[in-house]
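These notes are about the structure you will find just below.
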Amino acid sequence: MSLLEVRGLTTAFRTERGEINAVEDITFDIDEGEILGIVGESGSGKSVTALTIMGLLPQPPARVAAGSVRFRGETLTGMSEPRLERIRGSGISMVFQEPMTSLNPVFTIGEQIMETVRAHEKATPRELRDRAVEMLDKVGIPSAAKRLGDYPHQLSGGQRQRVMLAIALACRPKLLIADEPTTALDVTIQAQVLDLLMDLRDEFGMAVMIITHNMGVIAETADRVLVMYAGRIVEQAPVVRLFERPEHPYTRGLLECVPTLEQDTERLAAIPGSLPEPGRRPPGCRFAPRCRWRIDACRTGLPPLVEQEPGHASACIRAAEIAAQIGAA
Amino acid sequence: MAGIALRRLLGALPVLLIVSLITFALLRLIPGDPSSVIGGPSATADQLAQIRRNLGLDEPLPMQLVHWYAGLLQGNLGRSLLMGQGVVEVTFERLPVTLGLSLYALVITLVAGLASGIVAALRQNTWVDQLAMMVAMLGISVPNFFLGLLGIIFFAVKLGWLPTGGYVPFSQDPWEWFRTTTMPAVSLAMLQMGLLARITRSTMLEVLRQDYIRTARAKGLPGRQVVVKHALANALIPITTVIGIIVSLLISGSVVTETLFSIPGMGQLLTQAVLNRDYPMVQGGLLLTTVFLVLVNIMVDICYAFLDPRVRYDGK
Ligand SMILES: Nc1ncnc2c1ncn2[C@@H]1O[C@H](COP(=O)(O)OP(=O)(O)OP(=O)(O)O)[C@@H](O)[C@H]1O
Ligand SMILES: [Mg+2]
């Protein structure tokens, strides 16, 4: 049994143009202590996947239309709100893309750490304070004890993201979901926060699901990678394998954009065109209109995610050909 | 904090000056003067002139104004021309009545307005939301004297639960005060309540969309704590600004309500004073009421700084 098991997950949104599937048929596992990277262009459904796992999407308009999420053997999809609340923040934690707005402006950072612990554990005020200081210390806020009374507006973006990490990790979660934790930060700060995240992972031994646009971040952090396109998983592989033998043309496109930490793949020079909106997806393979390898057969029927080799799956009918070509080159 | 208070107090001085000037000018502009009221319909022209001389009304207007300001600077607002009592004395007798009524109405406004606004936001687009907003709209659009009349007909005349009018001071009999003041307070509160409910709803909806609310939920805080602590603490900041305005609306609204329910408060006093052209009473009474409202608004500003750490720290 894996720590997290996602099976056939489909999340739909009710819109004026009817119901649309933001993500579709998502299946993956995360093992204890593993780092799973999720990569894909803006709008591919990464955040929706994460928020569905956390049960944080407002319902309606969102709805889990199919599939399930299991965490340590317990089914989260359809779980009552009070039971979910017990898991959120203590079993699974999440840090968000927007450090500037994710902390409550009217409470001190000390209080925002302590209330998390208070929600999940029995602790005296003394213990709560000690824990808050310890966490701030761990995330690298200097003279932590003196900063407990600071308000978010007194901190920089990088410091706020550190505080978010302190909150997320205060109850020693088994899984941390980091949704583009560094996108909003300066380049130099990005590397620092990423290093910190990796250090904390080693120290706490938790699993991490890290979401990013950036292949460089994936290369530096992940054990395994999920590539998403237009709401579906198009390729899934161990990180080394993915970089060496990408099978899906979309993955190859992502990799051709020089994978450095400084440059993210939000705008893809190597792939012409843009991601289709959920309501305007083409029939057949969703990537086909932008694909160099497109053949007529691509227009009929969604290509299934097929495991070519153990642990490496891709959703392209020409995967074998493409892989062979790379092998030969 | 003291800095904010002092700065706002100094800033209020021009307001007080303007209010007193306008009051003075308006009173002199409306036709008629106190002499005819004092002298009665049978007074001869000579008698009226004599009364005017006694009151100093024969002096040129600028001189009258200077006299009044000179008195004000010595803390002397003069005497009511018809009641014979000192203006300050009468005001301190009547103002508490209005304050009691307004405070009661404020409590109703806050409790009902905040509660229905919050519930409407949490149940957005359900029948609860629609009902709350319909009541709010009614409160805003139907004049409060009309609601008061409906209340008298229904609760006093038909059901006999409450008295049709009259007033018993709180110090004399709290229960009777409560019975006589409830209907006036409710009808006075309706407009402000509707306003507050709508503002609370839209502010809460705005706050509930914020990223930090998602963070609070991601931490596993119970839903109630997310709303009551995290959302409300932020929503109260803009709402507080409105509460200063609401207090002003309540005080001015009480003029109509006091007349309708024959409650002897400031509203009734000033209405009478204007009709009688009781110059010192109107000028002094209005000035004191304005001072009071300015103080309330300064208190609101201080609350604002207290609620919002960003203002608190910048204010240092
Ligand atoms: N509340 C919503 N209502 C309707 N559609 C939504 C809603 N939230 C997300 N979507 C749709 O779901 C799709 C996936 O969005 P998502 O935010 O998961 O993308 P993402 O991969 O996280 O992108 P980014 O990199 O920009 O964060 C988008 O096409 C979006 O239109
Ligand atoms: Mg996202």
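Being free of Cβ contacts under 8 Å to residues at least 24 places away in the same chain, away from chain B (no Cβ under 14 Å) and either surrounded by fewer than 18 Cβ atoms within 10 Å (Cβ to Cβ) or not charged (D, E, K, R) (or both) is a description that does not apply to A:E32. Being at the interface with another protein chain (Cβ under 7 Å from one of its Cβ atoms), open to solvent by less than 30 Å² (accessible area, probe 1.4 Å) and within 16 Å of ligand 2 (Cβ to nearest atom), is that true of even one residue in the stretch A:52-73? Within the stretch A:52-73, one or more residues are at the interface with another protein chain (Cβ under 7 Å from one of its Cβ atoms), open to solvent by less than 30 Å² (accessible area, probe 1.4 Å) and within 16 Å of ligand 2 (Cβ to nearest atom). Given the structure, is A:E32 at pLDDT below 90 and among the acidic types (D, E)? For A:E32, the condition - at pLDDT below 90 and among the acidic types (D, E) - is met.
Checking each residue in the stretch A:27-42 for being in a strand (DSSP E or B), more than 17 Å from A:G67 (Cβ to Cβ) and within 14 Å of ligand 1 (Cβ to nearest atom) picks out A:G37, A:V39. Exactly one residue out of B:I245, B:I251, B:I263 is under 19 Å from the mean Cα position of the chain (by Cα), over 16 Å from A:P105 (Cβ atoms), without any contact (Cβ under 8 Å) to a residue 12 or more places away in the chain and away from chain A (no Cβ under 14 Å): that is B:I245.
Residues being within 16 Å of ligand 1 (Cβ to nearest atom) and either at pLDDT below 90 or among the acidic types (D, E) (or both): count how many of those fall in the stretch A:67-95. The qualifying residues number 1. Looking only at the stretch A:151-184, filter to residues that are at the interface with chain B (Cβ under 9 Å from one of its Cβ atoms) and part of a helix (DSSP H, G or I); which one of those is farthest from A:T49 (Cα to Cα)? Out of the qualifying residues, it is A:Q154. I need the full set of residues from the stretch A:195-237 which are in a helix (DSSP H, G or I), in contact (Cβ under 8 Å) with a residue 60 or more places away in the chain and either under 14 Å from the mean Cα position of the chain (by Cα) or within 16 Å of ligand 2 (Cβ to nearest atom) (or both), in order please. Once the filter is applied, which keeps residues that are in a helix (DSSP H, G or I), in contact (Cβ under 8 Å) with a residue 60 or more places away in the chain and either under 14 Å from the mean Cα position of the chain (by Cα) or within 16 Å of ligand 2 (Cβ to nearest atom) (or both), the stretch A:195-237 yields A:M215, A:V217, A:I218, A:T221. Scanning the stretch A:171-185 for residues that are polar (S, T, N, Q) and surrounded by 23 or more Cβ atoms within 10 Å (Cβ to Cβ) yields a single hit, A:T182. Taking every residue in the stretch A:41-58 that is outside the structural domain of A:R290 (by TED's automatic domain parsing) and pairing it with any residue that is part of a loop (DSSP other than H, G, I, E, B) and near ligand 1 (Cβ under 7 Å from one of its atoms), at least 6 positions away or on another chain, the pairs with Cβ-Cβ distances below 6 Å are A:G45/A:G231; A:K46/A:G40. Between A:E16, A:E24, the distinction of being open to solvent by 40 Å² or more (accessible area, probe 1.4 Å) and either among the acidic types (D, E) or more than 8 Å from ligand 1 (Cβ to nearest atom) (or both) belongs to A:E16 only.
The values are calculated or read from the model by the stated rules, or taken from the named source; none is laboratory data. No experiment lies behind these values; they were computed from the predicted model shown. As a convention, Cβ positions derive from the backbone with ideal geometry for all residues, glycine included, and neighbour counts pool all protein chains shown. In case anyone asks, the SASA skips ligands and DNA or RNA and just uses the protein heavy atoms, side chains included. Shrake-Rupley method; radii C 1.70, N 1.55, O 1.52, S 1.80 Å.
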